[in-house]
1. Here's a check for you: in the range 1-23, which residue that is of a type outside the set (A, V, I, L, M, F, W, C) and in a loop (DSSP other than H, G, I, E, B) is least open to solvent (accessible area, probe 1.4 Å)?
2. For a quick check of your reading of the model, give me the residue pairs whose first member lies in the range 1-22 and is over 19 Å from A201 (Cβ atoms) and polar (S, T, N, Q), whose second is open to solvent by less than 90 Å² (accessible area, probe 1.4 Å) and in a strand (DSSP E or B), with beta-carbon atoms closer than 6 Å and at least 6 apart or on different chains.
3. Tell me the residue from L26, L34 that is modelled with pLDDT under 95 and either surrounded by 13 or more Cβ atoms within 10 Å (Cβ to Cβ) or under 28 Å from the mean Cα position of the chain (by Cα) (or both), please.
4. Output yes when any residue across the range 65-73 is over 34 Å from the mean Cα position of the chain (by Cα), among the β-branched types (V, I, T) and part of a loop (DSSP other than H, G, I, E, B), and no when none is.
5. Which residues, taken from the range 55-102, are among the charged types (D, E, K, R) and either loosely packed, with under 12 Cβ neighbours inside 10 Å or out of contact with any Lys or Arg (no Cβ under 6 Å at 6 or more places or on another chain) (or both)?
6. Scan the range 26-40 and give yes if some residue there is part of a loop (DSSP other than H, G, I, E, B) and of a type in the set (S, T, N, Q), otherwise no.
7. Looking at A147, A181, A152, A201, which is the one that is buried (at least 16 other Cβ atoms within 10 Å of the Cβ), over 27 Å from V101 (Cα atoms), of a type in the set (G, A, S) and touching a residue at least 24 places away in the same chain (Cβ under 8 Å)?
8. In the range 158-186, what count of residues is obtained for those that are under 19 Å from A113 (Cα atoms) and in a loop (DSSP other than H, G, I, E, B)?
Amino acid sequence: MSKVAIYNLNGEAAGEKEIADGLLELKRGKQAVLDVVTAYRAGIRAGTASTKKRGEVSGGGRKPYKQKGTGRARQGSIRSPILRGGGVVFGPHPRDYAKKVNKKLAALAFRRALSEKIAAGAVAVAEGLEKIEPKTKALAALLKKAAGGRAALLVTAAASKSLNLAARNLAKAEVTTAAQANTYQVMRYPAIVADAAGLEALKARLAEGVEQ
């Protein structure tokens, strides 16, 4: 059994909750986590870098100087890549960096990443988290106890406006729902703090991969 610490909104310990080891996926999925995180990071790349080849640069219709008699190397165009203002050889062009990840692989990666966090004791429950006062000070004090001062992913069962307001000025906190949480977020943050309903929703996602 893995245990998840429970805290109230004042940051005081309020017990523990056990999670059956049968729900955790720790035997497989390590490569899946790497593949999914790599695909996620590739997908958020803009891919908008662009340069012009010599045929795309304006100008260059005339010879910069005569062929012979100048003592300089011959040049046929002022837009040659070896001249200032010329085209770029093998430069970047707009492209899509996205990588394809199938649903089963993504689900396995999420279960493995979350299972590791639970097994390591990096997941905690904050009772009433979704109803926290919409003030940065209140959430910072809670995370100092529940997350040990570490960067944290805040997970709720449903979107919470007050929690979003409380977290928006914290550089080391991100808010999401249990249904929208992804592998990259789970791996990025060293601690996960969820409300009671959010933890149950995360457990439901773990249970989806358990063989009956």
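The values are calculated or read from the model by the stated rules, or taken from the named source; none is laboratory data. This one's a predicted model, so the numbers in the text were calculated from it and none came from an experiment. When we count neighbours, we look across all protein chains shown, and the Cβ atoms used for this are built from the backbone with ideal geometry, even at glycine. All accessible areas refer to the heavy atoms of the entire protein, side chains included, with ligands and DNA or RNA removed. Shrake-Rupley method; radii C 1.70, N 1.55, O 1.52, S 1.80 Å.
1. G11
2. Final answer for the pair search is N8/A14.
3. Among L26, L34, only L26 is modelled with pLDDT under 95 and either surrounded by 13 or more Cβ atoms within 10 Å (Cβ to Cβ) or under 28 Å from the mean Cα position of the chain (by Cα) (or both).
4. Checked the range 65-73: at least one residue is over 34 Å from the mean Cα position of the chain (by Cα), among the β-branched types (V, I, T) and part of a loop (DSSP other than H, G, I, E, B).
5. If the condition is that a residue be among the charged types (D, E, K, R) and either loosely packed, with under 12 Cβ neighbours inside 10 Å or out of contact with any Lys or Arg (no Cβ under 6 Å at 6 or more places or on another chain) (or both), then E56, R62, K63, K66, K68, R72, R74, R84, R95, D96, K99, K100 are the ones that fit.
6. no
7. Going through A147, A181, A152, A201 in turn, just one is buried (at least 16 other Cβ atoms within 10 Å of the Cβ), over 27 Å from V101 (Cα atoms), of a type in the set (G, A, S) and touching a residue at least 24 places away in the same chain (Cβ under 8 Å): A147.
8. Residues meeting the conditions: 5.
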